[in-house]
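Here is the structure we will look at, set down as structure tokens.
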Amino acid sequence: MFDHLPPLQNLRAFEATGRRLSMTLAADELHITHGAISRQIKSLEDHLGIALFRRLTRKIELTDAGLSYYGVVTRVLAELSRETELLRRRGDSGRVVLSTGISFASKWLTSRLHKLVDRYPDFDVHLEVTDVNVSFIEGQVDVAIHYGNGEYPFASCERIMTETVTPVCTAEYLARLGVAVPADLGRCKLLHENRMNANWETWFEAQGLPYPGARGTAFSHGSMAIEAAIRGEGVAMGRTVLIADDVSSGRLVVPFPRDRLEVELGYDLVYRQGHYSHPKVKAVRAWIVDEIAAFEQVRSNWLLT
């Protein structure tokens with residue numbers, strides 16, 4: 001059945017050359033010589049009995065047959081690579097790869113991660129930090145904690161924490177600006193997190209106050225706005241999960257803890273479909289549920305004041 005298939009190395013050379021339309025770039029990518037790439041492409045064309053590339057003066061192009069074959073080869077190699085990674089990862093039963101976003105990792109997760117390691121000493125925990133929702137089809141991540149809307153293609157999820165936002169700053173800044181009532185924040189420098197619907201404008205509107213305008217610095221990540229507030233640069237609209245440890249330590253204060261906005265997103269435990277009872281997912285779930293229970297007890301102490 002497979003007797004007439006060309007060698008895999010020739011297919012890899014063809015895929016890289018077809019994608020980059022350059023034998024030189026393909027050779028660099030595969031760490032072989034230009035001559036080796038050229039020979040592998042020629043061998044593949046001889047094997048098929050048809051030209052796959054048009055060799056022009058300063059460039060190469062895929063022929064119609066080459067373009068059609070390229071689509072098939074790309075798909076097959078991608079599927080083969082994906083399934084190979086899945087099998088390799090299944091054999092690596094002692095490693096747990098946990099993915100989460102930059103702000104959540106820096107302001108909440110990393111200070112608690114050691115408890116997961118202590119709780120499951122047989123697991124080698126790897127934390128990958130990215131704001132991109134990872135693909136569980138590729139099998140490179142076991143569990144993720146996403147700040148999102150609860151919808152993740154080809155994955156299952158559980159909402160583990162909800163979120164609100166509230167103004168936050170240092171005690172010194174609060175005293176220096178003489179902030180006593182919500183309207184006083186209109187005189188302050190406001191620190192913004194981009195792309196949040198629950199923002200300063202909606203907060204002032206909820207208080208029945210005029211919005212003073214987007215004065216102040218805007219940041220791509222909530223953790224950056226919080227760090228700016230800690231430095232005394234202004235008042236941030238802080239996500240209560242991200243600010244909790246800084247409030248508990250006294251680095252930040254919450255001047256109006258009852259004046260909070262619900263956030264359209266929340267924190268979700270995300271994993272591969274059908275893996276609800278997988279040992280790695282169960283381990284992370286058991287740990288994170290206990291951590292959140294302890295955290296919510298602390299958070300409620302200042303949210304209800």
> Given a Förster distance of 25 angstrom, what is the FRET efficiency for THR74 paired with HIS126, based on the Cβ-Cβ distance and rounded to 0.05?
Replying inline: 0.30
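Once you charge only the Cβ atoms, +1 for Lys and Arg and -1 for Asp and Glu, what is the size of the charge dipole of the chain about its Cα centre, to the nearest 20 debye? Before the final figure, lay out each step's value.
On the way: 35 positive and 38 negative charges, 108 e Å.
Dipole about the Cα centre, nearest 20: 520 debye.
Which percentage, to the nearest 5, of the DSSP beta bridges contained in the range 164-262 is antiparallel? Before the final figure, lay out each step's value.
Working: 7 of 11 bridges.
DSSP beta bridges in the range 164-262 are roughly 65 percent antiparallel.
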> Which far-off residues, 5 or more places away or on another chain, put their amide H under 5 Å from the one on VAL253, with H placed in the peptide plane?
Replying inline: CYS169, THR170, ALA171
> If we sort 40-48, 148-156 on the protection proxy, mean other Cβ atoms within 10 Å, highest first, what's the order?
Replying inline: 40-48, 148-156
> What's the FRET efficiency of SER135 with THR63 using the Cβ-Cβ distance as r and R₀ = 30 Å, to the nearest 0.05?
Replying inline: 0.40
> Mind checking which aspartates and glutamates have their C-alpha under 19 Å from LYS115, skipping anything on the same chain fewer than 8 residues away?
Replying inline: ASP124, GLU128, ASP142, ASP245, ASP290, GLU291, GLU296
> With no solvent and one point on each alpha carbon, what is the Debye value of log10 I(q)/I(0) for the chain at q = 0.06, 0.07, 0.14, 0.15 Å⁻¹?
Replying inline: -0.35, -0.45, -0.99, -1.07
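Counting alpha carbon pairs within less than 8 Å and at least 6 residues apart, what relative contact order, in whole percent, applies to the range 143-256? Don't jump to the answer; show the numbers that get you there.
Numbers: 150 pairs, mean separation 42.1, N = 114.
Reported as a whole number, the value is 37 percent.
Percent antiparallel among DSSP beta bridges with both residues in the chain, to the nearest 5?
If I count the DSSP bridges inside the chain, around 65 percent turn out antiparallel.
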> So what is the relative contact order of the chain, in percent, for Cα pairs below 8 Å that sit 6 or more residues apart?
Replying inline: 19 percent
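For an R0 of 22 angstrom, estimate the FRET efficiency from the Cβ-Cβ distance between ALA180 and ALA206 and round to the nearest 0.05.
Numbers: r = 19 Å, r/R0 = 0.85.
Computed FRET efficiency for ALA180 and ALA206 comes out at 0.70.
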> Going through the range 1-73, which chymotrypsin sites (Phe, Trp or Tyr not before Pro) have at most 11 other Cβ atoms within 10 Å and a DSSP loop state?
Replying inline: PHE2
> Pairing the Cα long axis of helix 34-48 with the longest principal axis of the chain, what angle in degrees results, from 0 to 90 and rounded to the nearest 10?
Replying inline: 60 degrees
> Got the relative contact order for the range 8-90 handy, in percent, Cα pairs under 8 Å and 6 or more residues apart?
Replying inline: 26 percent
> Hey, which lysines would be in cross-link range of LYS42, C-alpha to C-alpha under 21 Å, not counting anything within fewer than 8 residues on its own chain?
Replying inline: LYS59
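Each value in this text was obtained by applying a stated rule to the coordinates, not by laboratory testing. Remember, predicted model here, so these are calculated numbers, not experimental data. With ideal geometry, Cβ positions are generated from the backbone for all residues, glycine too; neighbour counts draw on all protein chains shown.
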